[in-house]
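Step one of this worksheet: look at the structure below.
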Amino acid sequence: MTGAYIDKNYVYAVARIRGAELKLLNQSVMDQLIAAKDVAECVQILSEKGWGDENSSAAAPEEMLAKEREKMWELIDELVPEKTIFDVFRLSADYNNLKAAIKESTMEYDYPGIYISESTIDPEGIRKAIRERSYGDLPDSMKEPAQAAHEAFLHTGDGQLCDIIIDRACLEAVREAGRKSGDEFLDMYAELTVASADIKIAVRAAATGKDREFLQKALCPCDTVEINALTNAALQGEEAICSYLSTTDYVDAVEEVKKSPAAFERWGDNLVIRRMKPQLYNAFGLGPIAAYILARENEIKSVRIILLAKENGFPEDVIRERVRETYV
């Protein structure tokens with residue numbers, strides 16, 4: 001496929017994305033959802049916006065969210081046939097499926113519903129590799145962490161250790177995919193994903209008194225955060241982390257750390273949203289398409305937060321603190 005053909009294909013794809021952006025949930029709709037009296041009313045509002053299908057119901061809101069993610073990827077795959085271009089967004093599903101396969105392997109029954117679709121690897125292939133301990137059947141980047149996490153879980157039963165190993169491997173895979181993409185926007189997304197994850201890990205570790213060994217296993221190297229400095233700061237506490245962040249590109253995280261854990265958790269996702277908003281005015285390249293993927297993933301995450309909060313009776317102010325910024 002020639003570069004000229006690809007460029008023309010992206011021009012058409014971006015034009016289609018502009019139409020799809022009109023259906024994104026704006027802040028007004030998010031406010032309606034936050035103000036809704038219960039999950040059923042939220043589902044009704046979403047249904048009126050075209051979410052889900054005729055089978056969606058208040059009894060199974062997760063089905064509605066899964067359907068929206070499926071619809072998003074169907075559109076992207078139609079517009080950009082070269083599926084590997086957006087692997088940087090699908091990798092998290094692979095590593096979540098690896099966690100699920102490892103934990104399912106110790107259970108008496110199968111639980112196929114725990115796997116995420118729209119991944120780069122068939123979940124059944126991951127299940128089979130883990131059950132048969134044929135780690136060599138997995139992609140190169142996944143072989144070693146899969147074996148290490150599986151053996152750690154089997155020998156210790158420590159689910160957190162299993163998750164640490166896999167989460168670190170996922171961040172490494174995302175950062176590498178960003179570098180290999182050859183696209184400035186995708187590379188920026190990968191860097192921001194890893195950096196914000198590292199900062200979140202450090203803040204949580206400081207709050208729970210984790211040691212240096214934990215931090216060395218969990219933190220992933222990237223270009224905009226110095227891992228050794230962040231580790232040393234985390235061992236000293238939240239104030240030291242804030243002091244270090246004040247010297248980085250992420251100085252705006254300091255205020256959120258001091259506000260509350262929920263505000264800080266939201267900061268990482270909002271950071272990506274803010275950095276991608278210029279793509280609303282870009283008519284060429286992969287950037288607008290990638291930004292739309294992130295916008296959809298972000299609004300699905302926000303809707304999930306609202307639905308869970310409604311289900312558990314959280315007040316509006318608490319929900320609002322957790323909901324992410326909208327792209328439009």
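A count restricted to the stretch 306-318 and to residues that are buried (at least 20 other Cβ atoms within 10 Å of the Cβ) and either of a type outside the set (G, A, S) or in contact with a Gly (Cβ under 6 Å, 6 or more places away or on another chain) (or both) stands at 3.
For the stretch 268-300, the set of residues classified as among the acidic types (D, E) and free of Cβ contacts under 8 Å to residues at least 24 places away in the same chain is empty. Check whether at least one residue in the stretch 306-323 is on the phi > 0 side of the Ramachandran plot, at pLDDT below 90 and part of a loop (DSSP other than H, G, I, E, B), and report yes or no. No, because not a single residue in the stretch 306-323 is on the phi > 0 side of the Ramachandran plot, at pLDDT below 90 and part of a loop (DSSP other than H, G, I, E, B). Within the stretch 17-40, the set of residues being modelled with pLDDT under 95, surrounded by 14 or more Cβ atoms within 10 Å (Cβ to Cβ) and not aliphatic (A, V, I, L, M) comprises just one member, E21. When L280 is tested against (1) over 17 Å from A36 (Cβ atoms); (2) in a loop (DSSP other than H, G, I, E, B), just one condition goes unmet, and that condition is (2).
Counted as qualifying within the stretch 213-264 are the helices (runs of 4 or more DSSP H) with 3 or more residues that are among the polar types (S, T, N, Q) and over 18 Å from L192 (Cβ atoms), namely 227-236. Can we say I201 is assigned to a helix (DSSP H, G or I), without any contact (Cβ under 8 Å) to a residue 40 or more places away in the chain and either touching a helix residue (DSSP H, G or I) at 6+ places or on another chain (Cβ under 9 Å) or under 28 Å from T106 (Cα atoms) (or both)? When the stated conditions are applied, I201 passes them.
Across the stretch 222-231, the number of residues qualifying as surrounded by fewer than 18 Cβ atoms within 10 Å (Cβ to Cβ), in contact (Cβ under 8 Å) with a residue 24 or more places away in the chain and more than 16 Å from G268 (Cα to Cα) comes to 2.
Selection within the stretch 133-183: residues that are without any contact (Cβ under 8 Å) to a residue 40 or more places away in the chain and of a type in the set (S, T, Y). The member of this set that is nearest to G287 (Cα to Cα) is S141.
Let's see how each residue does on (1) at pLDDT 85 or above; (2) crowded, with 20+ Cβ neighbours inside 10 Å; (3) of a type in the set (F, W, Y); (4) farther than 24 Å from K99 by Cβ:
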| position | (1), (2), (3), (4) |
| --- | --- |
| E176 | yes, no, no, no |
| A205 | yes, yes, no, no |
| D211 | yes, no, no, no |
| A233 | yes, yes, no, yes |
| S260 | no, no, no, yes |
| E265 | no, no, no, no |
| P278 | yes, no, no, yes |
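Per the listing L245, L286, L215, L271, the residue uniquely in contact with an Asp or Glu (Cβ under 6 Å, 6 or more places away or on another chain) and surrounded by 17 or more Cβ atoms within 10 Å (Cβ to Cβ) is L286.
Annotation: of all residues in the stretch 295-305 being surrounded by fewer than 20 Cβ atoms within 10 Å (Cβ to Cβ) and within 30 Å of G182 (Cβ to Cβ), the one that is modelled with the highest pLDDT is I300.
The values are calculated or read from the model by the stated rules, or taken from the named source; none is laboratory data. In this text the structure is predicted, and so the values were computed from the model without any measurement. We place every Cβ from the backbone using ideal geometry, glycine too, and count neighbours over all the protein chains shown.
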